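The values are calculated or read from the model by the stated rules, or taken from the named source; none is laboratory data. Not measured: the values here are computed from a predicted model. So basically every Cβ, Gly included, is an ideal-geometry build from the backbone, and we count neighbours across all protein chains shown.
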Amino acid sequence: MKRRSLDPETPADSAETSLCEALAGLSAVEEMRAFLHDLCTPAEIEVMVDRWRVVPHLLEGRSYREIHERTAVSITTIGRVARYLNQGNGGYMAAAARRNSGGAA
């Protein structure tokens, strides 16, 4: 995590909540795309896309090697996503369930 020498005016947890509220408030895909492209560097977006790209394959039970061959995402990244799918905060699962249900959770 990034260390700062000065205390920001807004505590990190409050700023994180504010960011989450901003993300949750965007309902259209194009709004979200525009926000992500304003917020993130191209490399950051690529990393998130790679992680999200492997989620359906992991949920289908494919091997890491097969996922790598299908997506070109590194085995390390696939393992990281798998770990968070199984031991994380439930975010991947909630997003995948919402996407699979057509947007309703």
Of the conditions (1) modelled with pLDDT of 95 or more; (2) outside any helix (DSSP H, G or I), Arg3 clears all except one; give me its number.
(1)
With the requirement that a residue be touching an Asp or Glu at 6+ places or on another chain (Cβ under 9 Å) and more than 11 Å from Arg51 (Cβ to Cβ), what does the range 68-99 give you?
Ala72
Taking the range 54-84, which residues are among the small types (Gly, Ala, Ser) and closer than 18 Å to Ala97 by Cα?
Gly61, Ala82
